[in-house]
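Reading through the structure tokens given below for one structure.
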Amino acid sequence: MAPRCSPDGRPVITGYNFAAGPSVLPEAVLAEAREGLDNWAGSGQSVMEIPFTGEAFARIHDEAVATLRNLLEIPPDYHVLLLQGGAYGQFSLLPMNLLRGRECADYALTGHWSQRAANEAKRYCRVNIAADGASSGYTAIPDWSAWSLDPTAAYCHITTNETANGVRFRELPDTGRVPLVADITSDFLMAPLDIRRFGLVYASAQKNAGIAGLTVVIVKQALLGRALPITPTVFNYELLAASNSRVNTPPVWAIYMAGLVFKWIQAEGGLGEMAVRNRRHAGWLYRTIDESGFYHCRAAEAARSPVNVCFELPTPRLERAFLAEARERRLHNLKGHAAATGLRASLYNAVSESAVAALVSFMRDFALRHASVA
Ligand SMILES: *Cc1c(COP(=O)(O)O)cnc(C)c1O
């Protein structure tokens, strides 16, 4: 595999990237993308130059969708839509497309992203807050027995993994006949997922499935066909499903990149293998935090995200020193979300064993040197 190079051909030392998104891509994917940039499949063209109406793009699109269907074992009555606008765009597009004549939707508030999803939905319908983690400071997932669902709701929305505050659902809620809808952006493709449990799932690609500019929506056929009249044509799920996501020009390069990532996951052993690796990496990091007596994790143990590991140091001054030293050691993007305090290490699929080893070793060393000062 070719190392990343500067324009004069010298290899670049990249270090390790723990960003929450856009985040690290597998080296093998970047190497293959270099071909797609210059000379895709020996065609002498760049993927960026091919018309979206032609056979070449149809092949890229169909292969990406087929690989994704295979990885997630997506049932035949679910469509895979590839569109733009990000997960944040979906916060509006969900009520526009899914209300189906109803006036209310259920939302579970578990942190930063689910709050934003609910706030956007309020422009289009009545939002019933079915559960709210506010009393725990969003460090725990509200106990299922205390949820209050509205039986008239068009759907119930959850965020399976809260990227900013580092909590994740262990078990999916059972919403009965009300379709479960989930923002799975930050734990997409990190473990097998039973799509049949959902009416719809959606994910921005730049966390775990490539680059920004692409949103993946997987939606059950039975929910389509009754979009609000104000729904923009290019974001109408039914029209997207009927046109293989080609109502207008799709994000061609981002779809190509997602296809490469899907193939990489398959070649590495699929979602089961991704889950095994992630459990190992997250277990290692949380153990380092717990055993240190120095680092602290706010999330309740049962709700801890294995993807976005959020932790704090005894003082803000130590956190600044930690970040500065980490950067010197080429451990990048460990600052927490702007809306949260503390630090965060994101352990997406492309974060390697050696990246986690380097981080753990630095954290132990830093704690030893600073524990007494704190
Ligand atoms: C990053 C993220 C978003 C926002 O994604 P955009 O592509 O910026 O719209 C929404 N939800 C979750 C869970 C995320 O991690």
Next item on the list: Scan Ala303, Ala299, Ala326, Ala282 and give me the residue that is in contact with a Ser or Thr (Cβ under 6 Å, 6 or more places away or on another chain), crowded, with 19+ Cβ neighbours inside 10 Å, modelled with pLDDT of 95 or more and not assigned by TED's automatic domain parsing to the domain that holds Glu35.
Entry: Ala299
Notebook entry, point to check: How do the pairs read when you match residues in the range 127-139 that are over 14 Å from Glu301 (Cα atoms) and in the same structural domain as Phe169 (by TED's automatic domain parsing) with residues anywhere that are small (Gly, Ala, Ser) and assigned to a helix (DSSP H, G or I), using Cβ under 8 Å and keeping only pairs 6 or more apart or on different chains?
Noted result: Val127/Ala118; Val127/Ala121; Ile129/Ala118; Ala131/Ala146
Item checked: Filtered residue count, the range 111-134, keeping only those that are within 16 Å of Thr185 (Cβ to Cβ) and touching a Ser or Thr at 6+ places or on another chain (Cβ under 6 Å) -> 3
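Residue by residue, here is whether (1) closer than 23 Å to Cys104 by Cα; (2) among the hydroxyl-bearing types (Ser, Thr, Tyr) holds:
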| site | (1), (2) |
| --- | --- |
| Thr160 | yes, yes |
| Phe169 | no, no |
| Arg177 | yes, no |
| Ser186 | no, yes |
| Leu189 | no, no |
| Pro192 | no, no |
| Phe198 | yes, no |
Check: Of everything in the range 295-342 that's among the aromatic types (Phe, Trp, Tyr) and outside any loop (DSSP other than H, G, I, E, B), which residue is farthest from Ile141 (Cα to Cα)?
Finding: Phe322
Notebook entry, point to check: Restricting to the range 353-372, what's the tally of residues that are in a loop (DSSP other than H, G, I, E, B) and touching a residue at least 40 places away in the same chain (Cβ under 8 Å)?
Noted result: 1
Notebook entry, point to check: Given Ser92, Ser43, which one is polar (S, T, N, Q) and at pLDDT below 95?
Noted result: Ser43
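The rows are residues; the columns are (1) surrounded by 20 or more Cβ atoms within 10 Å (Cβ to Cβ); (2) touching a residue at least 60 places away in the same chain (Cβ under 8 Å); (3) within 16 Å of the ligand (Cβ to nearest atom).
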position: His61; (1), (2), (3): yes, yes, no
position: Thr67; (1), (2), (3): no, yes, no
position: Pro76; (1), (2), (3): no, no, no
position: Leu94; (1), (2), (3): yes, yes, yes
Note to self: One residue is enough: does the range 139-162 have a residue meeting the conditions of a type in the set (D, E, K, R), surrounded by 23 or more Cβ atoms within 10 Å (Cβ to Cβ) and over 16 Å from Pro179 (Cα atoms)?
What the structure shows: yes
Next item on the list: Search the range 228-253 for residues that are of a type in the set (D, E, K, R) and pair each with any residue that is assigned to a loop (DSSP other than H, G, I, E, B) when their beta-carbon atoms are under 7 Å apart and the residues are at least 6 apart or on different chains.
Entry: Glu238/Leu224; Glu238/Gly225; Glu238/Ala227; Arg246/Phe52
Notebook entry, point to check: Residues Gly9, Gly15, Gly86, Gly111: which one is assigned by TED's automatic domain parsing to the domain that holds Ser361, within 24 Å of the chain's Cα centre (by Cα) and on the phi > 0 side of the Ramachandran plot?
Noted result: Gly15
Note to self: Consider the range 49-104. How many of its residues are under 19 Å from Thr215 (Cα atoms), among the polar types (S, T, N, Q) and not in a helix (DSSP H, G or I)?
What the structure shows: 1
Checklist line | Residue in the range 78-92 that is surrounded by the most Cβ atoms within 10 Å (Cβ to Cβ), counting only those that are more than 19 Å from Leu228 (Cβ to Cβ), within 16 Å of the ligand (Cβ to nearest atom) and aliphatic (A, V, I, L, M) | finding: Ala87
Next item on the list: For the range 105-156, name all the residues that are within 16 Å of the ligand (Cβ to nearest atom), hydrophobic (A, V, I, L, M, F, W, C) and part of a helix (DSSP H, G or I).
Entry: Trp113, Ala117, Ala118, Ala121
Notebook entry, point to check: Within the range 18-27, can one find any residue that is polar (S, T, N, Q) and away from the ligand (no atom under 16 Å from the Cβ)?
Noted result: no
Next item on the list: Could you list all residues from the range 189-214 that are part of a loop (DSSP other than H, G, I, E, B) and within 23 Å of Trp144 (Cβ to Cβ)?
Entry: Met190, Ala191, Pro192, Leu193, Asp194, Phe198, Gly199
Next item on the list: Name every residue in the range 170-196 that is surrounded by fewer than 19 Cβ atoms within 10 Å (Cβ to Cβ) and touching a Ser or Thr at 6+ places or on another chain (Cβ under 9 Å), in order of residue number.
Entry: Leu172
Note to self: Suppose we keep only residues that are surrounded by 24 or more Cβ atoms within 10 Å (Cβ to Cβ) and more than 17 Å from Trp113 (Cβ to Cβ) within the range 200-217. Which one would you say is nearest to the ligand (Cβ to nearest atom)?
What the structure shows: Leu214
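The values are calculated or read from the model by the stated rules, or taken from the named source; none is laboratory data. Quick caveat: nothing in here was measured; it's all calculated off a predicted structure. Backbone-built Cβ (ideal geometry, glycine too); neighbour counts: all protein chains shown.
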